[in-house]
Amino acid sequence: MAGLEGRPVFVLDQVHGSAIALDRDAAGGGIEADGWIVGGRSGIFGVFIADCLPLFLWPRSGAAAGVFHVGWRGAEAGMPEKAVAAMRERLGVKPSELCAAIGPHIGACCYVVGKDVAARFHPGSAIQREGKTFFSLSRDVARRLVESGVGEADIEEGGGCTFCREDLYYSRRREAAGHMLAFVGIT
Ligand SMILES: [Zn+2]
């Protein structure tokens with residue numbers, strides 16, 4: 001949290017949707033959204049994550065950032081595409097100028113979904129194994145980012161699987177309690 005000590009923390013009423021809040025609208029609470037666009041207001045802007053995917057976007061130059069909570073419902077609602085569009089509309093950042101990072105979330109190693117869920121996504125996001133369907137949320141999100149104009153080489157993924165790595169992370173599916181805060185802030 002270098003440079004952010006003592007700053008106010010703003011969170012959202014997350015609804016697994018695709019609404020995005022602006023830093024200047026941040027208040028004590030009551031904003032129903034699953035992402036933040038931060039263009040310069042001081043503070044820590046966070047989304048809670050536990051198995052869902054934290055997506056970070058920022059321009060290669062300039063002080064701005066976005067953080068977004070993306071589960072399969074958010075992906076289906078087009079959150080990655082809307083996040084890229086919001087960075088352009090609200091901050092004037094072109095998709096080709098964006099860097100993206102995908103943080104820890106439940107990985108394709110552990111994420112079993114029903115065939116009905118898998119059928120709503122690109123076939124490349126589903127992996128058949130041992131008679132089950134495993135879903136790669138990161139593959140789906142990355143594909144949506146690339147289709148929105150973000151360079152494939154500008155998308156990084158790190159942190160691993162929240163379900164396997166109980167030494168590191170909370171997992172909603174594993175223990176049904178606990179969250180992690182993924183946040184951005186401009187210093
Ligand atoms: Zn795993």
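When the chain is treated as a Gaussian network with alpha carbon springs shorter than 10 Å, the biggest mean-square fluctuation among G62, G39, G107 belongs to G62. The C-alpha atoms of the chain define a longest principal axis, and helix 137-147 lies at about 60 degrees to it.
Think of it as helices only: each DSSP H run of n ≥ 4 in the chain is worth -39500 (n - 2.57), and spread over all residues that comes to -5000 deg cm²/dmol at 222 nm. Considering only E97, E166, E130, the mean-square fluctuation computed in a Gaussian network model of the chain, springs between alpha carbons under 10 angstrom, is largest for E130. Positive-end ranking of I106, S148, G78 along the dipole of segment 57-164, with charges on Cβ about the Cα centre, is headed by G78. The long axis of helix 79-91 is offset from the longest Cα principal axis of the chain by roughly 10 degrees. Would you look at the GNM of the chain, springs on alpha carbons closer than 10 Å, and say which of A26, A75, A153 moves the most? Fluctuation is largest for A153. Each Lys and Arg adds +1 at its Cβ and each Asp and Glu adds -1 at its Cβ; summed about the Cα centre, the chain shows a dipole of about 180 debye. Convex hull of alpha carbon positions in segment 19-102: directionally averaged projected area 5.3 nm². Taking every DSSP beta bridge that has both ends in the chain, the antiparallel portion is near 75%. Stretching the chain fully between C164 and S96 yields a gain of 21.1 nm (0.36 nm per residue, less the alpha carbon separation).
Toward the positive end of the charge dipole of the chain, with +1 on the Cβ of Lys and Arg and -1 on the Cβ of Asp and Glu, the farthest Cα among A119, P59, H16 is that of A119.
All of the numbers you see were taken from the coordinates with simple rules; none came from a lab. What you see is a predicted model, and the numbers here were worked out from it, not measured in a lab. Please note: Cβ atoms are built from the backbone with ideal geometry, for glycine as well, and neighbour counts cover all protein chains shown.
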